[in-house]
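Below is one structure, written out as structure tokens; the observations come after it.
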Amino acid sequence: LFSYGTLRDAAVQQRTFGRPLAGAPDVLVGWTQGTVTVADARFTRADGADYAIVRRTGRDEDRVAGTALELTDDELRRADAYEPAEYWRVE
């Protein structure tokens, strides 16, 4: 799973998956980072309503740095459940 945000944090990994995750630096080519307003109170109470999100541009010069995390199928489902409705995973 490519992560550019909070799932890279060891404390978030421990709370969400019960363990630290293995991962390696990675880059999404053809994507750019922006913001999205999140309505989910789990997120807005601590940090406000605007969060980072990536959007596909298809342009080779656009890149988002992050980490490719190694997860089991069950952990991938937990990662999906962790994110607010404004986020979705694409292959």
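The values are calculated or read from the model by the stated rules, or taken from the named source; none is laboratory data. If you're wondering where the values come from, they're calculated on a predicted model, not measured in any experiment. Neighbour counts run over all protein chains shown; Cβ positions are idealised from the backbone, glycine included. Ligands, DNA and RNA are excluded from the accessible area calculation, which covers all protein heavy atoms including side chains. Shrake-Rupley method; radii C 1.70, N 1.55, O 1.52, S 1.80 Å.
Below is a table of values for the structure above.
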| item | result |
| --- | --- |
| Condition broken by residue 33, with the remaining ones in (1) at pLDDT 95 or above; (2) open to solvent by 90 Å² or more (accessible area, probe 1.4 Å) satisfied | (1) |
| In the range 55-75, the residues that are open to solvent by 60 Å² or more (accessible area, probe 1.4 Å) and under 27 Å from residue 22 (Cα atoms) | 55, 56, 63, 65, 70, 72, 73, 74 |
| Top-ranked residue of the range 59-78 - restricted to ones that are assigned to a loop (DSSP other than H, G, I, E, B) and not acidic (Asp, Glu), ranked as farthest from residue 27 (Cα to Cα) | 72 |
| Residue in the range 41-54 that is modelled with pLDDT of 95 or more, more than 12 Å from the chain's Cα centre (by Cα), of a type in the set (Ser, Thr, Tyr) and open to solvent by 30 Å² or more (accessible area, probe 1.4 Å) present | no |
| Test result for residue 81, part of a helix (DSSP H, G or I) and either touching a residue at least 24 places away in the same chain (Cβ under 8 Å) or open to solvent by less than 90 Å² (accessible area, probe 1.4 Å) (or both) | yes |
| Failed condition for residue 25, given (1) in a helix (DSSP H, G or I); (2) touching a Ser or Thr at 6+ places or on another chain (Cβ under 8 Å); (3) open to solvent by 60 Å² or more (accessible area, probe 1.4 Å) | (1) |
